[in-house]
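What follows is one structure encoded as structure tokens, with my remarks underneath.
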Amino acid sequence: MKTLMVFLLSCLFVSCSSDSNAPEHDGLIIEKVLDFAAAENRKLKYSELFDSVSVIPLDTAGGFLLQDAVDVKNELGHIFVRDRGHRIFIFDANGKGLAKIDRKGQGAHEYVHIESFDVSHIDSTACLFVFPPRLMYFDMKGRFLKETKIDVRGEDFALVGMDKIAVFTDNLNSTVDHRANQLELWDLNAGNSKGF
């Protein structure tokens with residue numbers, strides 16, 4: 001029994017100690033790199049992923065005709081759809097059109113295009129990440145509430161609580177000597193960010 005206990009403790013010690021030969025990146029030890037080429041190719045049935053599927057026809061009357069949907073979210077009992085025309089359509093759970101956010105332009109409280117959007121469960125607002133880089137907030141009736149300028153470009157983002165966002169940045173400007181961050185966490189109150 002003593003031999004078994006000593007063996008288990010030594011295994012625990014070895015597994016908890018860091019490998020001094022492990023590669024580092026910005027002070028972080030990289031423990032394991034996944035090789036996607038060696039990943040197991042597994043076929044899944046839809047029944048393994050979903051319990052049920054519902055088809056909800058969306059309203060097309062009264063200016064709710066979509067132009068090639070690119071992003072859909074089902075949040076707070078509403079269906080939000082972003083289309084290629086850089087608009088956000090808001091439907092109820094049955095597909096009836098409730099509101100439309102269409103502020104494309106170059107004037108005050110307008111955007112050139114929408115990068116992404118998210119819905120806040122805290123204050124029931126739709127938040128758009130737009131270009132020029134800023135966040136624009138709208139209520140569930142599509143009315144403009146406020147905007148916050150941010151100094152980051154990206155492809156997608158997520159609200160993280162009331163005053164923080166995570167921006168998934170574009171790394172096309174990365175070089176061998178300088179690798180750009182893939183993720184920027186922004187504290188909107190402090191006006192600063194941390195990159196990863």
Over the stretch 175-196, the set of residues part of a strand (DSSP E or B), open to solvent by less than 50 Å² (accessible area, probe 1.4 Å) and either modelled with pLDDT of 85 or more or under 18 Å from Val130 (Cα atoms) (or both) is Leu183, Glu184, Trp186, Asp187
Only one of these conditions is not met by Phe91: (1) part of a loop (DSSP other than H, G, I, E, B); (2) in contact (Cβ under 8 Å) with a residue 12 or more places away in the chain. Which number is it? (1)
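Given the criteria assigned to a strand (DSSP E or B), out of contact with any His (no Cβ under 6 Å at 6 or more places or on another chain) and not basic (Lys, Arg), does Leu128 qualify?
Yes, satisfied.
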Single condition Asp71 does not satisfy, out of (1) modelled with pLDDT of 90 or more; (2) more than 17 Å from the chain's Cα centre (by Cα); (3) not small (Gly, Ala, Ser): (2)
Identify the residue in the stretch 31-66 that is open to solvent by less than 70 Å² (accessible area, probe 1.4 Å) and either acidic (Asp, Glu) or farther than 30 Å from Ile101 by Cα (or both) and, among all such residues, is modelled with the lowest pLDDT. Ala39
Enumeration of residues in the stretch 145-174 that are touching a Lys or Arg at 6+ places or on another chain (Cβ under 7 Å) and part of a strand (DSSP E or B): Glu147, Thr148, Lys149
Criterion violated by Tyr137 - all others in (1) surrounded by fewer than 20 Cβ atoms within 10 Å (Cβ to Cβ); (2) in contact (Cβ under 8 Å) with a residue 24 or more places away in the chain; (3) not in a loop (DSSP other than H, G, I, E, B) satisfied: (2)
Looking only at the stretch 102-118, and only at residues there that are in a strand (DSSP E or B) and of a type in the set (D, E, K, R), the one that is surrounded by the fewest Cβ atoms within 10 Å (Cβ to Cβ): Lys104
For the stretch 67-101, what are the residues that are closer than 16 Å to Glu115 by Cβ, open to solvent by 10 Å² or more (accessible area, probe 1.4 Å) and among the charged types (D, E, K, R)? Asp71, Lys73, Arg82, Arg84, Arg87
Within the stretch 154-163, how many residues are free of Cβ contacts under 8 Å to residues at least 40 places away in the same chain and surrounded by fewer than 16 Cβ atoms within 10 Å (Cβ to Cβ)? 3
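The values are calculated or read from the model by the stated rules, or taken from the named source; none is laboratory data. Keep in mind that this is a model prediction, so the values were computed, not measured. With ideal geometry, Cβ positions are generated from the backbone for all residues, glycine too; neighbour counts draw on all protein chains shown. SASA here: full protein model, heavy atoms, side chains in, ligands and nucleic acids out. Shrake-Rupley method; radii C 1.70, N 1.55, O 1.52, S 1.80 Å.
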